[in-house]
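I have placed the structure first, in the form of structure tokens, so that the comments after it can refer back to it.
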Amino acid sequence: MVHPTSSHDWGTRLMFSTWGRFIYRFRRPVAILAIVLAVASLSLASQVTGALSAGGWTDPDSESAAVTDRLADEFGAAGGAIIALFRGEPGDDARSGAFQDEISASLDRLVADPRVSGTVGWAETHDDRFVSTDGTAAYVVVQLAITDEAAVDEMPALRALLDEPTGVTLQLTGVAPATQDQAEQSERELIQAETVSFPFAALILILVFASLVAAGLPLLVAGLAIPTTLGGVYLAAQTTELSIYVQNVATMLGLALAIDYSLFMVSRFREELRRGRDVASAVEITVATSGKAVTFSGLAVAVGLSGLLLFQPSALRSFGIGGALVVAASVFYALTFLPAVLGMLGPRVNALSVAGLRDWVRRRLGRPVGAASTVARESRWERMAHRVMARPFAVLVPTLAFLLVLGTPFLHLSQGIPDASVLPPGIESREASVALSRDFRAGETSPIIVLATVQGSPTDEPNVQRILDLSSAVDSVADIDRVEGPFGGLKDPATGAALDAAGVAALFTAPRDQLPPELAAGLDRLEDTYIRGSTVRLDAISPLAPLSPAGTEVVPAVREVAVDGVTTQVGGLAAQGKDFMASQSETIPWAIALTLGASAVILFLLFGSVVIPIKAVIMTLLSISASFGALVFIFQDGNFAEVLGFTTPGFTIAGNPIIMFSVLFGLSMDYEVLLLSRIQEAYRRTGDNTASVAEGLAKTAGVITGAALIMVMVFSAFALAESITIKSIGVGMAIAVLIDATIVRVLLVPATMRLMGRWNWWAPGPLGRLADRLGFSHVDDEVVAPTQVPSPAA
């Protein structure tokens, strides 16, 4: 049933109309205050990079997080670490005294700094793990007295304490250096994307509006919304951890949404002026119609992003926080600054028209100019809608099949967590990280850590045997090369034979002054490294990249190992990756359900129909699945790698699909609200379903196409990023918006609206009355009295 326009509908419209009148009356103060707010945000926005983190990819409630806390509390491993890689020339011997002297001289001033607690390398241990397989390079673990997070801000000062060795190349990696490099790279890519996308966005706006003044307004709104958003991100980062990539996504969305919303508002304002409205009425009607659509569109985008707030890892949650700030800033300026400026400009919004030459050519050809050309443009979209609705099944079936085929690569999705290797070649921390995994014994710097707790002293013979049994069982797990601990490999000092559990227990319990000094010192080091109270640390070495899908899959097998009398907890980088993936998988269904359910409720309240929300959700899922298929096809499978300039890691970056889903679902609802609002306006006025769909498409298709082109250009600009994390999001979202604004809005919407007929606007009696009572349903500005329109047969 299509519900009559009720007094509640008029009440909602009156609220937005009142706001429009208020903005027009105080247009100058409102515009000035909006500018002052944006300018004030610039000082905060300029500091946002330093407030963000490259971490946040761990679940704080996970087993691996508990292991990290225990290592800090019980083993004194609270400080971070920097890995200094020293690479010599071919033929150099990294074990030689000269090479080690160069390392020592390079690190002397750094080691003396109070922020550094010590170093571990070949000089301290004579362990070959610190030397490359070809013997020409060595690394030193610089142990910090401060956390990795705190070390990020200290990296410039710490780096300044290093002296360049002679004839040896020095590179740093680790959490702090990689975070700093990611922050700098993120900032460079942000500037690059803005530089590329703004000119193209301006060009598209000029083509859409054919006026330099009108085209400049959306860019001006984006220029206000982005620094305000980044200022809000900076403030939010003072209370919670936010990902370094939030500023990229915030800028990406800020450009897209601010331009989108402004495009809708300016188009409606110019349309009202063409219909003979005075400036005050045009502003009022624009806010009452497009302003309300923008508000609900923003709410839909915010709802789409709200699902990310359910995730435990702060990196995912931060995208929801940043996205909400983007939406708030974009809607705020679209409903305040923009109508205020439109009120001040009035008809001058069409000034500096670039249509003069076109009109001159049309006059020379004897064709109508001005408004007639707009009508002609609209009629083409109307004809397209009628052609689609004339054969709805012939359009619907192949279109659905095409979208489903595009989505098939998503069926073999494999996710992994990004590390320094996803940074562009040439970045120091990335090159050092790749060298460590390629040129040294694999897995040495990122073992799987097992904390084994026993009853009583770990050096009692029964407990020593339990620890040895546990080490042997973990060692037998596939893709584990060896297990290091305090008891394995110990030999009888007299005979050189391997010690059994009784021998190990006797050795550890023997008075140290009765043992050779070197042996006593070695036992002290083993206890200090591996034993705390009744807990023993074991390091399981795997040659697999710890954050790759294969590397994280080793963790469950290690966790399944059980020995009577021993309680274990498993941590380390691979375990953190596995726990992140498990946490994400558990939360994704709830996040999707929240997004779909809340979006459906918003559409129901806005349109008073239960059919529209269901149809909108299904079509949006189709377009998103197609973009996900492209994401896997390109970035996981490596297709078009040379064209796009990346090296596939062999997996899809974990978190990207759910981030894209949340953003794209909101953006898709954005277009849905705009298009269906105009269709509903026409239907309430005429009661003719087919004519209303054609009219709504004719009035919005040009705007939607222009907005989509701008979004595609903005997202494609981020596809130029060298970081595969941002590049893949940019490409995937550009494809999704293109599909949504063309295939979905131009083909699927008219076809399904035609097939459903009057049932498009149906709701059961109680729900229909609820929608009327709440009064959010859209009302055409030309409706002057409630009108009963036809309802479908029961």
> Say we look at segment 167-203 and pick out the residues that are of a type in the set (Val, Ile, Thr) and not in a loop (DSSP other than H, G, I, E, B); which of these is farthest from LEU253 (Cα to Cα)?
Replying inline: THR169
> From the set of residues in segment 60-109 that are free of Cβ contacts under 8 Å to residues at least 40 places away in the same chain and not in a helix (DSSP H, G or I), which is least open to solvent (accessible area, probe 1.4 Å)?
Replying inline: SER96
> Which of the residues spanning segment 134-165 are open to solvent by less than 30 Å² (accessible area, probe 1.4 Å) and more than 21 Å from TRP57 (Cβ to Cβ)?
Replying inline: GLY135, THR136, ALA137, ALA138, TYR139, VAL140, VAL142, LEU158, LEU162, PRO165
> Restricting attention to segment 21-35, does a residue exist that is part of a helix (DSSP H, G or I), in contact (Cβ under 8 Å) with a residue 40 or more places away in the chain, farther than 30 Å from ASN248 by Cα and open to solvent by less than 40 Å² (accessible area, probe 1.4 Å)?
Replying inline: yes
> Do we have any residue at all in segment 601-610 that's under 14 Å from ILE480 (Cβ atoms), out of contact with any Ser or Thr (no Cβ under 6 Å at 6 or more places or on another chain) and not in a helix (DSSP H, G or I)?
Replying inline: no
>> I'd like the residue in segment 39-59 that is touching a Pro at 6+ places or on another chain (Cβ under 8 Å) and in a loop (DSSP other than H, G, I, E, B) and, out of all such residues, is most open to solvent (accessible area, probe 1.4 Å).
In response: THR58
>> If a residue must be buried (at least 24 other Cβ atoms within 10 Å of the Cβ), modelled with pLDDT of 90 or more and not aromatic (Phe, Trp, Tyr), how many such residues does segment 267-289 contain?
In response: 6
> Looking at THR700, is it open to solvent by 10 Å² or more (accessible area, probe 1.4 Å), of a type in the set (Val, Ile, Thr) and either under 29 Å from the mean Cα position of the chain (by Cα) or under 19 Å from HIS386 (Cα atoms) (or both)?
Replying inline: no
>> Here is a check on your reading of the model: is GLY320 more than 30 Å from THR587 (Cα to Cα) and modelled with pLDDT of 70 or more?
In response: no
>> So, SER662, is that one in contact (Cβ under 8 Å) with a residue 60 or more places away in the chain and open to solvent by less than 20 Å² (accessible area, probe 1.4 Å) or not?
In response: yes
> Could you give every pair whose Cβ atoms fall below 8 Å, whose first residue belongs to segment 488-516 and is open to solvent by less than 80 Å² (accessible area, probe 1.4 Å), and whose second residue is part of a strand (DSSP E or B) and of a type outside the set (Phe, Trp, Tyr), counting only separations of at least 6 or pairs across chains?
Replying inline: GLY489/ALA498; LEU490/ALA498; ASP492/ALA498; ALA497/LYS491; LEU499/LYS491
>> Here are the criteria: (1) touching a helix residue (DSSP H, G or I) at 6+ places or on another chain (Cβ under 7 Å); (2) over 30 Å from ALA51 (Cα atoms). Tell me which single one ASP108 does not satisfy.
In response: (1)
> Do the conditions hold for ILE679, that is, is it surrounded by 24 or more Cβ atoms within 10 Å (Cβ to Cβ), within 35 Å of the chain's Cα centre (by Cα) and within 20 Å of MET619 (Cα to Cα)?
Replying inline: yes
> Has segment 466-486 got any residue that is open to solvent by less than 50 Å² (accessible area, probe 1.4 Å), over 39 Å from the mean Cα position of the chain (by Cα), of a type outside the set (A, V, I, L, M) and farther than 28 Å from VAL131 by Cβ?
Replying inline: no
> Could you count how many residues in segment 166-184 are open to solvent by 60 Å² or more (accessible area, probe 1.4 Å) and over 23 Å from the mean Cα position of the chain (by Cα)?
Replying inline: 2
> Taking segment 328-354 on its own, how many of its residues are at pLDDT below 90, hydrophobic (A, V, I, L, M, F, W, C) and open to solvent by 10 Å² or more (accessible area, probe 1.4 Å)?
Replying inline: 3
> Would you call LEU747 without any contact (Cβ under 8 Å) to a residue 40 or more places away in the chain, on the phi < 0 side of the Ramachandran plot and part of a helix (DSSP H, G or I)?
Replying inline: no
> Only one of these conditions is not met by ALA432: (1) within 28 Å of GLY655 (Cβ to Cβ); (2) part of a helix (DSSP H, G or I); (3) without any contact (Cβ under 8 Å) to a residue 12 or more places away in the chain; (4) small (Gly, Ala, Ser). Which number is it?
Replying inline: (3)
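The values are calculated or read from the model by the stated rules, or taken from the named source; none is laboratory data. Not measured: the values here are computed from a predicted model. Glycine gets a Cβ as well: all are built from the backbone with ideal geometry, and neighbour counts include every protein chain shown. Each accessible area value is taken on the protein alone, full model and side chains, heavy atoms only, with ligands, DNA and RNA left out. Shrake-Rupley method; radii C 1.70, N 1.55, O 1.52, S 1.80 Å.
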